[in-house]
Amino acid sequence: MSSLSETAIVLLSGGLDSSTALAWAIKERGWTCDTLAFDYGQRHRIELKASQRVAAELGSREHRVLHVDLGAIGGSALTSDVDVPKDQQETGTIPITYVPARNLIFLSMAAAFAEAKQASRLVIGANIVDYSGYPDCRPEFFSSFARTLKLGTRAGIEGHDMHVETPLINLKKSEIIALGLKLGLDYSLTHSCYDPMTGGLPCGHCDSCLYRQQGFADLGLRDPLPYTA
């Protein structure tokens, strides 16, 4: 295998965070980026259309949607017939919107794609400030995964490190939005809601909607997405 290129594989759900991470990788770092979205049986599959819009707008070289049926596993309100919690206060427990091992699965598939593309970086818009407490969004997880890549990939064994980039990991939601706006990201192209209403409008009451709206409010701005409430 030749040395890895300055190409990044960006996990792009079409949400606010992943879209900002792509803008950062392309516009601030200047990397050539290929993007991956996942059709995993999520109730908010509308986000896949958002990922296509964002990838096209920001200039992803190639955008792919990979299919993996996490609905067959269940265990999450996002992939099974369980109500998405609304207007809840933080409890310190992992909410039912957690999808078991989702980032572990997605990053593993992204790493395989990166090896095929001879890409040197994986970029994910994970965050531990304004988030729901998911264990696979923590810095410890990403550090561990980077070590695993060195042991479990051809690139790692041959000495070509594949870096795991988490540019938003310590940013507040308002800081993430400010970064995206600075980089020219149009947030009206994105979608964040876990439980969209008829026609795709965001519900305005799930965790993802609440964090998003608060982030814009903290900047004195209005979220460009229309809400039902």
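The values are calculated or read from the model by the stated rules, or taken from the named source; none is laboratory data. Here the structure is a predicted model, which means the values were calculated and not measured. For neighbour counting, all protein chains shown are included, and Cβ atoms are generated from backbone atoms with ideal geometry for every residue, glycine included.
A few remarks follow.
- Any hit, the range 78-87, residues being over 25 Å from Lys182 (Cβ atoms), of a type in the set (S, T, N, Q) and touching a residue at least 60 places away in the same chain (Cβ under 8 Å): no
- Residues in the range 211-227 that are closer than 24 Å to Ile26 by Cα, charged (D, E, K, R) and part of a loop (DSSP other than H, G, I, E, B): Asp223 alone.
- Single condition Ser208 does not satisfy, out of (1) modelled with pLDDT of 95 or more; (2) outside any loop (DSSP other than H, G, I, E, B); (3) buried (at least 20 other Cβ atoms within 10 Å of the Cβ); (4) out of contact with any Lys or Arg (no Cβ under 8 Å at 6 or more places or on another chain): (1)
- Residue match in the range 17-39 (condition: part of a loop (DSSP other than H, G, I, E, B), at negative phi and in contact with a Leu (Cβ under 9 Å, 6 or more places away or on another chain)): no
- Any hit, the range 46-58, residues being among the basic types (Lys, Arg) and more than 22 Å from Cys209 (Cβ to Cβ): no
- Test: residue in the range 115-126 that is closer than 24 Å to Lys182 by Cβ, among the β-branched types (Val, Ile, Thr) and touching a residue at least 40 places away in the same chain (Cβ under 8 Å): yes
- Number of residues in the range 156-177 that are aliphatic (A, V, I, L, M), crowded, with 18+ Cβ neighbours inside 10 Å and not in a loop (DSSP other than H, G, I, E, B): the value is 3.
- Count of the range 92-110 residues which are assigned to a loop (DSSP other than H, G, I, E, B), within 15 Å of the chain's Cα centre (by Cα) and among the polar types (S, T, N, Q): 1
- Subset of the range 1-23 (residues that are surrounded by fewer than 24 Cβ atoms within 10 Å (Cβ to Cβ) and either modelled with pLDDT under 95 or in contact with a Pro (Cβ under 9 Å, 6 or more places away or on another chain) (or both)): Met1, Ser2, Ser3, Leu4, Ser5, Glu6, Thr7
- Every listed requirement among (1) touching a Ser or Thr at 6+ places or on another chain (Cβ under 7 Å); (2) without any contact (Cβ under 8 Å) to a residue 12 or more places away in the chain; (3) not β-branched (Val, Ile, Thr) is met by Met197 save one, (2).
- Test result for Ala146, more than 23 Å from Thr93 (Cα to Cα), surrounded by 14 or more Cβ atoms within 10 Å (Cβ to Cβ) and in contact with a strand residue (DSSP E or B) (Cβ under 8 Å, 6 or more places away or on another chain): yes
- In the range 178-201, the residues that are at pLDDT below 95 and assigned to a helix (DSSP H, G or I): Thr198, Gly199, Gly200
- Residues located in the range 111-127, provided they are surrounded by fewer than 16 Cβ atoms within 10 Å (Cβ to Cβ) and either in contact with a His (Cβ under 8 Å, 6 or more places away or on another chain) or in a loop (DSSP other than H, G, I, E, B) (or both): Gln118
- Enumeration of residues in the range 14-41 that are closer than 30 Å to Val84 by Cα, in contact (Cβ under 8 Å) with a residue 40 or more places away in the chain and not aliphatic (A, V, I, L, M): Gly14, Gly15, Asp17, Ser18, Ser19, Thr20, Phe38, Tyr40
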